[in-house]
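The structure appears right after this line, and notes come after that.
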Amino acid sequence: MKNHVEALNVTKRFGPTTALNGAGIEIAEGETRALVGRNGAGKSTLVSILTGLQRPDEGEVLYSGEAAPALADRDAWRQRVACVYQKSTIIPALTVAENLFLNRQGTYVNWRDLRARAREVLATYEVDVDAEALAGSLSVEQRQLLEIARALSFGAKFIILDEPTARLDGPAIERLFTRMRALREQGVTMMYISHHLDEVYEICQSVTVFRDARHVLTKPVADLPHDELVAAMTGEATQAYESRPRTAGTNVVLAGERLSLAGRYTDVDISVKSGEVVGLAGSGSSGKVSVAETLVGLRKPDAGTVTINGKSVKPGDVPAALQAGLGFVPEDRHHEGFVPLLSVGENATIPIARKLGRFGLVLPARRRAKAVQLIRDLDIKTEGPDQPVADLSGGNAQKVVFARALVDDPSALVVINPTAGVDVKAKQALLGAVEDAVERGAGAVVVSDELDDLRICDRVLVMFHGRVVKDVPRGWTDHELVAVMEGIEE
């Protein structure tokens, strides 16, 4: 079988940083290849080169044996390769049809024809959405399928999927994998980037590992045991994160009583003591994220109260919650977690800016000193406090979000999908940061689709169709917890 995609001996430098060092990948036509590696290994740089956003300093890219087109020829690139990014490129304010044909409508748009062609594309690729609906009304899963349909409608036969399951629940992931298998049968070549190694074994035929900007190995997944794959990614054998034993205190630091929000959840009670970690689990439609966002003030409940350190907090008021002693790690770090144009130090110290100077002025020396401490404590791989946070890898950017949540020594912490899109070692560091805060006396709520994240919890509240259906103590098995989450408890 001939190679559809080849990146040969690619080197890419950004100033003094070598992002790729003689690395490469060769993917056969109709193959689904996993590309894995720790944050900063060079995966994103390779994607930017394969999609024509960057030119390699050395090496070459070939598609079906032909040289890659010039960077300026975007139409030629779209006909060869498309990427579905973890961060959606769908424009919420436009309709589905407008998103499908963005930048290819021509000078004068026949709207009836545009909608008709959109419906044809959606039907061809079995995307069950209304062509006239606003894209902002779609679910995460629907937006991803829309991006795939848009890519295929250009005629691309090579698709890169970058962390496509990071914000999907179990049933949605299975539907995505069913669609991927169908595309493979149609001859579409795919490169699948993920930190979820179980998914690599389920959906991919082979895997390529990058480490420290270099290609380490490529093997069929059937010939590569899980432990060897992790060792190739990290350069060492990595053990699963082990939660620490602890005893909860007596004072309640965070509570929600009789919380209800129409269409999201009903009559939810949650109480977290100092020194305790409480999990919230359930499917994507369970309401767990909405409950967490209510606790921090991102959503205003129709009924019920939220208290922090025994004091009632104004509903739907994030500043009030933070002022009362809450730290928060949001679900989407790109839109809610940090300000991309600001530096690492500026992002990490936003909540305590008032403490870093007088009369509304921030003293740079104080901010820098605090940022250096946070960088050290969370082991953030950065060139220093002044580096733009947008330049960091996903795992290190998530650590900056954690730094901001922890900078004011919160008495209560709410984290949503804390390890989404980060590598094995970063997961351990982030979960360890939660437990460090709890050991200092904070209480924490962990909301996650990852069972491994929930293992640090002293108990897990399982939600189903907007209600808490069970309080599961530590010691559960995967089967037991998933059965409750899916409403099939034996």
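The values are calculated or read from the model by the stated rules, or taken from the named source; none is laboratory data. Keep in mind it's a predicted model, so treat the numbers as computed, not measured. Cβ: placed from backbone, ideal geometry, glycine included. Neighbour counts: every protein chain shown.
The set of residues in the range 375-386 being more than 25 Å from His195 (Cα to Cα) and surrounded by 17 or more Cβ atoms within 10 Å (Cβ to Cβ) consists of Pro385 alone.
Among the conditions (1) buried (at least 22 other Cβ atoms within 10 Å of the Cβ); (2) in a helix (DSSP H, G or I); (3) of a type in the set (Val, Ile, Thr), the only one that Val482 does not satisfy is (1).
Scanning the range 5-38 for residues that are assigned to a strand (DSSP E or B), within 23 Å of the chain's Cα centre (by Cα) and among the small types (Gly, Ala, Ser) yields Ala19, Ala34.
When we screen Arg367, Arg333 for residues that are of a type in the set (Lys, Arg), in contact (Cβ under 8 Å) with a residue 12 or more places away in the chain, touching a helix residue (DSSP H, G or I) at 6+ places or on another chain (Cβ under 7 Å) and farther than 22 Å from Ala442 by Cβ, the only hit is Arg367.
Tallying residues that are of a type in the set (A, V, I, L, M, F, W, C) and over 26 Å from the mean Cα position of the chain (by Cα) within the range 289-305 yields 1. Hey, among Val472, Val434, Val415, which residue is within 21 Å of Leu295 (Cα to Cα), in contact with a helix residue (DSSP H, G or I) (Cβ under 9 Å, 6 or more places away or on another chain) and part of a helix (DSSP H, G or I)? None of the others qualify; the one that does is Val434. A count restricted to the range 262-286 and to residues that are in contact with a Leu (Cβ under 8 Å, 6 or more places away or on another chain) and either among the aliphatic types (A, V, I, L, M) or under 11 Å from Arg467 (Cα atoms) (or both) stands at 9.
Yes or no, residue by residue, for (1) modelled with pLDDT under 90; (2) in contact with a Ser or Thr (Cβ under 9 Å, 6 or more places away or on another chain):
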| residue | (1), (2) |
| --- | --- |
| Ala248 | yes, yes |
| Gly256 | no, yes |
| Lys273 | no, yes |
| Leu280 | no, yes |
| Ser286 | yes, no |
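When the test is whether a residue is modelled with pLDDT of 85 or more, assigned to a loop (DSSP other than H, G, I, E, B), in contact with a helix residue (DSSP H, G or I) (Cβ under 8 Å, 6 or more places away or on another chain) and over 28 Å from Leu20 (Cβ atoms), Pro410 passes it.
Would you be able to say whether some residue in the range 358-368 is surrounded by fewer than 17 Cβ atoms within 10 Å (Cβ to Cβ) and at pLDDT 85 or above? Scanning the range 358-368 turns up no residue that is surrounded by fewer than 17 Cβ atoms within 10 Å (Cβ to Cβ) and at pLDDT 85 or above.
Against the criterion of being closer than 29 Å to Glu331 by Cβ, outside the structural domain of Ser411 (by TED's automatic domain parsing), in contact (Cβ under 8 Å) with a residue 60 or more places away in the chain and aromatic (Phe, Trp, Tyr), Phe210 qualifies. Scan the range 439-453 for residues that are modelled with pLDDT of 90 or more, surrounded by fewer than 24 Cβ atoms within 10 Å (Cβ to Cβ) and either among the aliphatic types (A, V, I, L, M) or over 18 Å from the mean Cα position of the chain (by Cα) (or both) and the total you get is 3.
Residue count for the range 39-55 satisfying the condition of being in a loop (DSSP other than H, G, I, E, B) and crowded, with 23+ Cβ neighbours inside 10 Å: 2. The residue of the range 77-132 that is nearest to the chain's Cα centre (by Cα), among those that are of a type in the set (Val, Ile, Thr) and closer than 26 Å to Glu29 by Cα, is Val84. Is there a residue in the range 149-161 that is surrounded by fewer than 19 Cβ atoms within 10 Å (Cβ to Cβ) and not in a loop (DSSP other than H, G, I, E, B)? Yes, some residue in the range 149-161 is surrounded by fewer than 19 Cβ atoms within 10 Å (Cβ to Cβ) and not in a loop (DSSP other than H, G, I, E, B).
Per-residue answers, yes or no, for (1) closer than 30 Å to Ser393 by Cα; (2) of a type outside the set (Asp, Glu):
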| site | (1), (2) |
| --- | --- |
| Arg246 | no, yes |
| Val268 | no, yes |
| Lys273 | no, yes |
| Ser283 | yes, yes |
| Val313 | no, yes |
| Asp317 | no, no |
| Ala320 | no, yes |
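The condition of being on the phi < 0 side of the Ramachandran plot, assigned by TED's automatic domain parsing to the domain that holds Leu217 and surrounded by 21 or more Cβ atoms within 10 Å (Cβ to Cβ) holds for only one of Leu145, Leu100, that being Leu145.
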